[in-house]
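Here's the structure, in structure tokens; my notes come after.
The values are calculated or read from the model by the stated rules, or taken from the named source; none is laboratory data. Nothing here was measured: the structure is a model prediction, and the numbers come from that model. Please note: Cβ atoms are built from the backbone with ideal geometry, for glycine as well, and neighbour counts cover all protein chains shown.
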Amino acid sequence: MNPDWVRLAEARQLELTKPPRSLGRLEEIANRCAAIFESLSFRLAWPRIVLFAGDHGVCAEGVSPYPQEVTAQMVLNFLRGGAAINCLARACGIELQVVDVGVASPLAGEIGEADGLISRRIACGTRNFCSEAAMSRAEAEAAMAVGTGMAQQAVGEGCDLLGFGEMGIGNTTAAAAITAALTGCAPSEAVGRGTGADEACLSRKISAVERALALHGGALASPLEILARVGGLEIAAMCGFCLGAASSRSPVVTDGFIATAAAALAVGIEPRVKDYLFAGHLSPEPGHRRLLEWIGLEPLLDLQMRLGEGTGAALAMKIIQAAAEAFTGMATFASAGVSGQK
């Protein structure tokens, strides 16, 4: 991202009919978008969220209060328009795509592209990373390629603001393992309750992450190895989505803990990805703040949301659109005939 465009945007902000810096972080958002698009007259008219679904072998360790079949059931719910993300996407005017990159259970009926599902399944879930690598390197790279392709396709079709989300029972445990491996924090500082884990379930989650880190140890030396050994297929796809958005020069909005784990891996692989990332929100999951600090991003919202699915990204995308409209649509002091500061 060219810093000269940030300076040009900052100069334009001083010409708009408002006191300097009176729109706070909205000005920062708009300035970054101007630098991404290298334009002072950009538009964010076609937002899209891509939701990636995949299952996790670590569920065998009892790390979730929900059965693994819920992943496939929720994919069907997304396709029928009945989930929280469907409601928020409709409310915010955001297009939603659903991608099966690794759901373990067969999807009921003859669900396919005609029903809105994008099938890019690499495997029927990951393996249990407490006893072996979650994925082979080839599987991780293939799932990343799915995400990269989805981002590049979106930009090619005219989308100018991208967001992403996930569905996968057990994936907060994978995100916690990624967090601990990337940041060096203790598993107990990365693991949270996810989808409502009780004390016994929380203890099993911490134990699973501790055992995974002990098992894989020195093999967790690079972001790609961390992804393959303790990640997930949907996490790999989201990581690739961030890389694809950045390579296509598109702003991309993260969601919660799991999505941010994927974004952090993308930044670890290619540090310039950070220039294109906007942190949608901060969830109560303890590892989420650690990941945002590791990347160097400040969340736009803090609504105590922990659902995932891209719900936080959807709300933040509307704020980003508003920031862009204020920047590009507001009159200048000169054009409006308004006196500026003395």
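Before moving on, here are some points about what is shown:
- Subset tally (residues that are in a helix (DSSP H, G or I) and crowded, with 16+ Cβ neighbours inside 10 Å) for region 154-182: 14
- Positions within region 46-85 being among the aromatic types (Phe, Trp, Tyr), within 30 Å of SER203 (Cβ to Cβ) and surrounded by fewer than 18 Cβ atoms within 10 Å (Cβ to Cβ), in sequence order: TYR66
- Inclusion of ALA72 among residues that are in a strand (DSSP E or B) and either hydroxyl-bearing (Ser, Thr, Tyr) or in the same structural domain as ILE235 (by TED's automatic domain parsing) (or both) is not warranted.
- Residues satisfying the stated conditions in region 279-331, i.e. surrounded by 21 or more Cβ atoms within 10 Å (Cβ to Cβ) and within 17 Å of PHE42 (Cα to Cα): MET317, ILE320, GLN321, ALA323, ALA324, PHE327
- Qualifying residue in region 82-89 (condition: assigned to a strand (DSSP E or B) and not small (Gly, Ala, Ser)): no
- When the test is whether a residue is touching a residue at least 60 places away in the same chain (Cβ under 8 Å) and under 30 Å from GLY192 (Cα atoms), ARG32 does not pass it.
- Taken over region 7-44, the residue count meeting the criterion of being surrounded by 16 or more Cβ atoms within 10 Å (Cβ to Cβ), in a helix (DSSP H, G or I) and not acidic (Asp, Glu) is 14.
- You will find that of VAL98, VAL75, VAL63, the residue that is touching a Phe, Trp or Tyr at 6+ places or on another chain (Cβ under 9 Å) and modelled with pLDDT of 95 or more is VAL98 and no other.
- Of all residues assigned to region 93-101, none qualifies as being in a helix (DSSP H, G or I), over 26 Å from ALA212 (Cβ atoms) and out of contact with any Cys (no Cβ under 7 Å at 6 or more places or on another chain).
- Yes/no for GLY240 being surrounded by fewer than 18 Cβ atoms within 10 Å (Cβ to Cβ) and either touching a residue at least 12 places away in the same chain (Cβ under 8 Å) or in the same structural domain as GLU285 (by TED's automatic domain parsing) (or both): no
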